[in-house]
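Taking it in order: structure first as structure tokens, then the write-up.
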Amino acid sequence: MIEINNLTKVYQTKKKSVTGVKDVSLSIARGDIFGIIGYSGAGKSSLLRCINVLERPTSGSVSVDGTEMTGLKGEELRKQRLKIG
Ligand SMILES: Nc1ncnc2c1ncn2[C@@H]1O[C@H](COP(=O)(O)OP(=O)(O)OP(=O)(O)O)[C@@H](O)[C@H]1O
Ligand SMILES: [Mg+2]
């Protein structure tokens, strides 16, 4: 089960801030197959990277099989990532 609540990712560059993902909430049950569709720059890769915290969300939460991904760091985070394909 993947549960995403009010996920927002804002990138800070030297000159400006860019919102890559804006307030996304969704729930994907075990066995469900989801596609993420959108124009280039819509935020598909950003959303995926926030699920395994390759990018840390600016706000909101992501849990995978009941584990709050945004609450993990270091070794714990690496172990959890190994379970995510
Ligand atoms: N590291 C970054 N620094 C600043 N802005 C970024 C960064 N990564 C992504 N962005 C911006 O965030 C927005 C979403 O980008 P993202 O790469 O997630 O889109 P995408 O849907 O995967 O696009 P594509 O179909 O081209 O792969 C875009 O405006 C992009 O320019
Ligand atoms: Mg992409």
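Some observations on this one:
- With contributions of -39500 (n - 2.57) from each DSSP H run of at least four residues, the per-residue ellipticity at 222 nm computed over the chain stands at -5000 deg cm²/dmol.
- Placing unit charges on the Cβ atoms only, positive for Lys and Arg and negative for Asp and Glu, gives the chain a dipole magnitude near 500 debye about its Cα centre.
- Packing order of peptides 65-73, 28-36, highest average first: 65-73, 28-36 (average count of other Cβ atoms within 10 Å over each peptide's residues).
- Fraction of accessible area attributable to carbon and sulfur, the chain (%, probe 1.4 Å): 53 percent
- Geometric extent, Cα atoms of the chain - Rg, Dmax (angstrom): 13.0, 42
- Amide H contacts for Glu55 (H built 1.01 Å from N in the peptide plane; partners 5 or more residues away or on another chain; cut-off under 5 Å): Cys50.
- Amide H contacts of Thr67 (H built 1.01 Å from N, under 5 Å, at least 5 apart or other chain): none
The values are calculated or read from the model by the stated rules, or taken from the named source; none is laboratory data. Bear in mind that the values here come from a model prediction, so they are computed numbers and not experimental data. Cβ sites come from the backbone with ideal geometry, for glycine too, and all protein chains shown count toward neighbours. Note: accessible area is taken over every heavy atom of the protein model, side chains too, but ligands, DNA and RNA are not part of it. Shrake-Rupley method; radii C 1.70, N 1.55, O 1.52, S 1.80 Å.
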